[in-house]
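This is the structure, below, for whatever I ask next.
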Amino acid sequence: MSNMKFEEFNISEEILKAINNLGYKKPSDVQAAAIPLALKGNDIIVKSQTGSGKTAVFAIPLCEGADIEETEPQALVLTPTRELALQVSQDITNIGRYKKIRAIAVFGKQPIEMQKKQLKQRVHVIVGTPGRTLDHIDRGNIKLDKVKYLILDEADEMLSMGFIEQVEEVIKSVPKDRVTMLFSATIPESIEAICAKYMVNPVKIEINPEKLTVDKIDQVCYEVEEDKKFSVLKKILYIENPDSCIVFCRTKENVDSITVQMKNRYYSCIKIHGGMLQNDRLDAMERFKKGEFRFLVATDVAARGIDVENITHIINYDLPLEIGNYVHRIGRTGRAGKKGKAITFSTHYENKFLKAIEQYIGMEIPKAEIPSKEESELCKDAFYEKHDTKPVIKKTKESNFSKDIMKLYISAGKKKKIRTVDIVGTICNIKDVDADDIGIINIQDNFSNVDIMNGKGKLVLEALKKSTIKGKTIRVEKANK
């Protein structure tokens, strides 16, 4: 962790207030090295592992440089997965909340027409997966003329997933006069080629990737026969008694099977994999983040870029198919300076894969003897005692804004011809409220959401209950999210 302060970046009070609410104490090493360069408009290549705080490296400069009065997008962020697109768009929204920055995520497996409607409103930042972003560009739904920032996040993963051609097509569609930032855990030749082709005198920043992996995370490996894995998992869980744990599997079939077995033993668990509906995946991740469940059983879809605080343990029930995913999996723990533990199961048939992982991370993973049944049984009561304790629901980062920002739900939208100017006009007619107290407005077909700033949410809520908008009677209440 660096000794700098965020105030030294000479960024606006609105951004400083937001990052303070998000719990940022001082810049991480990658933030201290890269943010000043990004603020100056340098192209940058950042080689840094997950969990190093790199989202803020691009989120702070693009929120700082955005013109909120501009109706067309000024930044485009490409990510490899839907989950990461949603996570990043939420992080940008939070960092830019007091500047009223509106970021939206576009990705596959969600109706394109719904996203098209969102894109027709004022949007400052678009975060998308390569395929869906290119689809919107081809359909004319995204205007790129005003884009000043292009971000390629988790670039190595986008390439390994076969998105290289789509990524290049998107890059060609963005104005050449822009700032380009690329973030990747590894920089293979294919990424070097993209940097050389599309970036202007980029500054390369590398933050001790191995140090992130080794120092904060206690790693251990058990050699296990395939048909004995669940039996060993039970013993490990009783002995380790984790507060919050992700169990990683190679396939969605394994995720389904293990989740059923865990639930049959009344373990507090939920699952996530690519075969689930998008809304179910989002709901599962949100509930795990809040601490409703101790265990998340997941495929590698949950390994990259998903920011869940205070995960104490990672269990690799199956070795990952991609060597790099080992780092991304165990990087879910040991975050923000805290210690974590990563436990890996490996069959004797997988020795060469385990050796490849050890070579990749630059260390031999310590081996351990499988605990006996007697050892684990001694810990069983303590495990279930913790299990039976009512979970403490964690506050999300967004909840830190609730003291001075209230999101309101209004039961009218586009189908009732409600426009942004109608909502703004009505709210500004309330005594002691002006335009500076109105944050992001999101108008859907049948409803609208509006952020009320500066602690005036209750005042506006009560006043709107007695008002009409554009002569129409409305229902107004505090929004659920």
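The values are calculated or read from the model by the stated rules, or taken from the named source; none is laboratory data. Everything numeric here is computed off the predicted structure, so don't read it as measured data. Neighbour counts run over all protein chains shown; Cβ positions are idealised from the backbone, glycine included. All accessible areas refer to the heavy atoms of the entire protein, side chains included, with ligands and DNA or RNA removed. Shrake-Rupley method; radii C 1.70, N 1.55, O 1.52, S 1.80 Å.
Test Tyr360 against the criterion of being open to solvent by 50 Å² or more (accessible area, probe 1.4 Å), without any contact (Cβ under 8 Å) to a residue 60 or more places away in the chain and among the aromatic types (Phe, Trp, Tyr), and give yes or no. Break it down into steps so the answer makes sense when it comes.
Values: open to solvent by 50 Å² or more (accessible area, probe 1.4 Å): yes; without any contact (Cβ under 8 Å) to a residue 60 or more places away in the chain: yes; among the aromatic types (Phe, Trp, Tyr): yes.
Criteria met by Tyr360.
I've got another one for you. Return the residue satisfying two criteria in turn: it lies in segment 146-159 and is touching a residue at least 40 places away in the same chain (Cβ under 8 Å) and part of a helix (DSSP H, G or I), and of such residues it is least open to solvent (accessible area, probe 1.4 Å). Steps first, answer last, please.
In the first step, residues of segment 146-159 are kept if they are touching a residue at least 40 places away in the same chain (Cβ under 8 Å); the result is 146-154, 156-158.
Those left that are additionally part of a helix (DSSP H, G or I): 156-158.
Numbers: Asp156: 19, Glu157: 29, Met158: 4 Å².
That would be Met158.
Considering only residues that are farther than 28 Å from Ile438 by Cα and free of Cβ contacts under 8 Å to residues at least 40 places away in the same chain, look in segment 385-399 and name the one that is most open to solvent (accessible area, probe 1.4 Å).
Lys390
Limited to segment 179-204, what total is found for residues that are part of a loop (DSSP other than H, G, I, E, B) and buried (at least 20 other Cβ atoms within 10 Å of the Cβ)? Walk me through it before giving the result.
Taking segment 179-204 first, the residues part of a loop (DSSP other than H, G, I, E, B) are 185-188, 199-202.
Now narrow it down to the ones that are buried (at least 20 other Cβ atoms within 10 Å of the Cβ): 185, 199.
Summing the residues that are part of a loop (DSSP other than H, G, I, E, B) and buried (at least 20 other Cβ atoms within 10 Å of the Cβ) in segment 179-204 gives 2.
Separate question: In this structure, is Tyr266 of a type in the set (Ser, Thr, Tyr), in a loop (DSSP other than H, G, I, E, B) and over 27 Å from the mean Cα position of the chain (by Cα)?
Values: of a type in the set (Ser, Thr, Tyr): yes; in a loop (DSSP other than H, G, I, E, B): yes; over 27 Å from the mean Cα position of the chain (by Cα): yes.
It is true that Tyr266 is of a type in the set (Ser, Thr, Tyr), in a loop (DSSP other than H, G, I, E, B) and over 27 Å from the mean Cα position of the chain (by Cα).
Here's a follow-up. Assess whether Ala59 counts as being free of Cβ contacts under 8 Å to residues at least 24 places away in the same chain, closer than 30 Å to Gly162 by Cβ and touching a Gly at 6+ places or on another chain (Cβ under 9 Å). Before the answer, list the steps.
Details: free of Cβ contacts under 8 Å to residues at least 24 places away in the same chain: no; closer than 30 Å to Gly162 by Cβ: yes; touching a Gly at 6+ places or on another chain (Cβ under 9 Å): yes.
Considered against the rule, which asks whether it is free of Cβ contacts under 8 Å to residues at least 24 places away in the same chain, closer than 30 Å to Gly162 by Cβ and touching a Gly at 6+ places or on another chain (Cβ under 9 Å), Ala59 comes out as no.
Suppose the filter is surrounded by 19 or more Cβ atoms within 10 Å (Cβ to Cβ), touching a residue at least 60 places away in the same chain (Cβ under 8 Å), closer than 30 Å to Lys290 by Cα and aromatic (Phe, Trp, Tyr); does Phe345 pass it?
Yes, satisfied.
Condition check ((1) touching a strand residue (DSSP E or B) at 6+ places or on another chain (Cβ under 9 Å); (2) in contact (Cβ under 8 Å) with a residue 24 or more places away in the chain; (3) surrounded by fewer than 21 Cβ atoms within 10 Å (Cβ to Cβ)) across all residues:
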residue	(1), (2), (3)
Glu70	no, yes, yes
Glu83	yes, yes, no
Ile104	yes, no, no
Gly108	no, yes, yes
Pro111	no, no, yes
Pro130	yes, yes, no
Asn141	yes, yes, yes
Met161	no, yes, yes
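Also, I was wondering about something else. Name every residue in segment 371-422 that is more than 27 Å from Lys235 (Cβ to Cβ), under 28 Å from the mean Cα position of the chain (by Cα) and assigned to a loop (DSSP other than H, G, I, E, B), in order of residue number.
Ile393, Lys394, Lys395, Thr396, Ser402, Lys403, Asp404, Ile405
Confirm whether Lys415 is out of contact with any helix residue (DSSP H, G or I) (no Cβ under 8 Å at 6 or more places or on another chain) and within 30 Å of Glu113 (Cβ to Cβ). Show your work before the answer.
Numbers: out of contact with any helix residue (DSSP H, G or I) (no Cβ under 8 Å at 6 or more places or on another chain): yes; within 30 Å of Glu113 (Cβ to Cβ): yes.
Criteria met by Lys415.
Residues that are open to solvent by less than 40 Å² (accessible area, probe 1.4 Å) and either hydroxyl-bearing (Ser, Thr, Tyr) or more than 29 Å from Gln87 (Cα to Cα) (or both): does segment 400-409 have at least one?
Within segment 400-409, the subset open to solvent by less than 40 Å² (accessible area, probe 1.4 Å) is 401, 404-406, 408.
In the following step, the residues that additionally are either hydroxyl-bearing (Ser, Thr, Tyr) or more than 29 Å from Gln87 (Cα to Cα) (or both) were identified as none.
Looking through segment 400-409, none of the residues is open to solvent by less than 40 Å² (accessible area, probe 1.4 Å) and either hydroxyl-bearing (Ser, Thr, Tyr) or more than 29 Å from Gln87 (Cα to Cα) (or both).
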